[in-house]
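Peer 1: Just dropping this structure here.
The values are calculated or read from the model by the stated rules, or taken from the named source; none is laboratory data. Nothing here was measured: the structure is a model prediction, and the numbers come from that model. Glycine gets a Cβ as well: all are built from the backbone with ideal geometry, and neighbour counts include every protein chain shown.
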Amino acid sequence: MDIHVGGTATDDPRQRPSAVDLYWIPLGAGQHVVRLSGRLFEAISAGVQRRPSYDLYHSALVVVVPEGRFVIEQTPVVDAHGERRGVVVGGAVGTKFAGRFRLFRYEIRRWRNGVIPDIDEAVSSPTRVADDLGRASRILELVPSVPALVWGRDEHHTGEMWNSNSVIAWLLARAGIDAGTIQPPPRGRAPGWRAGLVVAARDALRDGDARRFRDLAMKSAPC
């Protein structure tokens, strides 16, 4: 990622603080229909699995490095000007065929000085998951490499659908952060998180990092 900032001999940007903060946004915050459909989905899932019903969450990251502050999030496509929001990856929602239409596409943003809609509704947030330049920079470098899988499908047979939580879990795991121990707010669930961990573990194995594969494969998801 080519991002450059100015500096002086007495103002070394490498000495400025770095951070990776995780935000938990209630599913459908600010979107009445999405919130209701999410509750219906969770009620049905809880009934089928014979378990209590939980609050559902969508995750996003704020990454601070010497070059600036970046928002990383998977969202619906709002218009054709993704470059204004730092969009680096896009994919289909539901089916690959439907992805020909903007209404059925998502975007993944690496948005410098960006915003997270409804951040004021975030719960137990932010959670600091890293505070070193190496892992913060690695996350920013990895965003364009996030697998552009179909949202809401389980194309890689992980046992969970791929969604925004999968993207965040994948990024954290691939950057060397122990994402398997991260939990959503109390009485909350983050569907898709385990899918991100599983795919990250497989990618680590593909890249020849067997140790990371073993560690990731043994982690359970925050669901």
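Peer 1: Let me confirm something: among Val167, Val143, which residue is touching a residue at least 40 places away in the same chain (Cβ under 8 Å), among the β-branched types (Val, Ile, Thr) and farther than 23 Å from Leu56 by Cα?
Peer 2: Sole residue among the options that is touching a residue at least 40 places away in the same chain (Cβ under 8 Å), among the β-branched types (Val, Ile, Thr) and farther than 23 Å from Leu56 by Cα: Val143.
Peer 1: Does any residue of the stretch 136-145 turn out to be at pLDDT 95 or above and under 20 Å from Val78 (Cα atoms)?
Peer 2: Looking through the stretch 136-145, at least one residue is at pLDDT 95 or above and under 20 Å from Val78 (Cα atoms).
Peer 1: When residues of the stretch 74-128 are filtered for being closer than 14 Å to Leu61 by Cα, of a type in the set (A, V, I, L, M, F, W, C) and in contact with a helix residue (DSSP H, G or I) (Cβ under 9 Å, 6 or more places away or on another chain), how many remain?
Peer 2: 2
Peer 1: Going by what's in this entry, would Leu171 be described as at pLDDT 95 or above and surrounded by 21 or more Cβ atoms within 10 Å (Cβ to Cβ)?
Peer 2: Yes.
Peer 1: Can you go through Arg105, Arg84, Arg138 and tell me which one is free of Cβ contacts under 8 Å to residues at least 60 places away in the same chain, buried (at least 16 other Cβ atoms within 10 Å of the Cβ) and closer than 23 Å to Val20 by Cα?
Peer 2: Arg138
Peer 1: Turning to a different aspect of this structure: Could you tell me which residue of the stretch 49-66 is modelled with the lowest pLDDT, considering only residues that are hydroxyl-bearing (Ser, Thr, Tyr) and either buried (at least 17 other Cβ atoms within 10 Å of the Cβ) or part of a strand (DSSP E or B) (or both)?
Peer 2: Selected residue: Tyr54.
Peer 1: Name, by its number, the condition in (1) of a type outside the set (Phe, Trp, Tyr); (2) crowded, with 21+ Cβ neighbours inside 10 Å; (3) over 25 Å from Pro66 (Cβ atoms); (4) touching an Asp or Glu at 6+ places or on another chain (Cβ under 6 Å) that does not hold for Ser166.
Peer 2: For Ser166, the failing item is (4).
Peer 1: Only one of (1) modelled with pLDDT of 95 or more; (2) in a helix (DSSP H, G or I) is not met by Asp154, so which one is it?
Peer 2: Just one mismatch for Asp154, condition (2).
Peer 1: Just a yes or no: is a residue in the stretch 166-175 of a type outside the set (Asp, Glu), part of a loop (DSSP other than H, G, I, E, B), over 20 Å from Gly94 (Cα atoms) and under 13 Å from the mean Cα position of the chain (by Cα)?
Peer 2: yes
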